[in-house]
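One structure below.
Computed from the coordinates by the stated procedures, all read-outs in this text should not be read as laboratory data. All figures in this text were calculated on a predicted structure; none of them were measured in a lab. Virtual Cβ from ideal backbone geometry, glycine too; neighbours counted across all protein chains shown.
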Amino acid sequence: MPVRRIEVRERVMARNDELAVVVRRTLEAVGVPALNLVSSPGSGKTRLLERTLADLGRELRMAVVTGDVQTSNDAERLARHTNRLVQA
């Protein structure tokens, strides 16, 4: 099968990247550290957050933004550990 090259003329995620810079700078300006956990489904991201919130939730003020576009399962699981949670 021959290989075809496709010329990409614009960055598909350009607006997302611009917004990410604004959010990152805003959080840095007010001294709020942020982590972005990204991985394949089933890799343990939600479990890691559950354990972190359970172990450190009383010592540290943490909030969670979940980004599952198909279900609210992760948000529902994490809501047991914090009321500072948003399903985006």
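Which trypsin sites (Lys or Arg not before Pro) does region 1-60 hold that lie in a coil by DSSP with at most 14 other beta carbons within 10 Å?
On the way: sites: 4, 5, 9, 11, 15, 24, 25, 45, 47, 51, 58; in loops: 4, 5, 9, 11, 58.
Those that pass, being in a loop and sparsely packed, are 4, 5, 9, 11, 58.
Projected over every direction and averaged, the convex hull enclosing the alpha-carbon atoms of region 27-68 yields 3.5 nm². One chain, two ends: residue 16 and residue 29. Fully extended at 0.36 nm per residue, the span grows by 2.7 nm beyond their Cα-Cα distance. With distances taken between every two different alpha-carbon atoms, the chain has a Kirkwood hydrodynamic radius of 15.7 Å.
Calculate the FRET efficiency for residue 8 and residue 36 from the Cβ-Cβ distance with a Förster distance of 22 Å, rounded to the nearest 0.05. Please report the intermediate quantities before stating the final value.
Working: r = 24 Å, r/R0 = 1.09.
Computed FRET efficiency for residue 8 and residue 36 comes out at 0.40.
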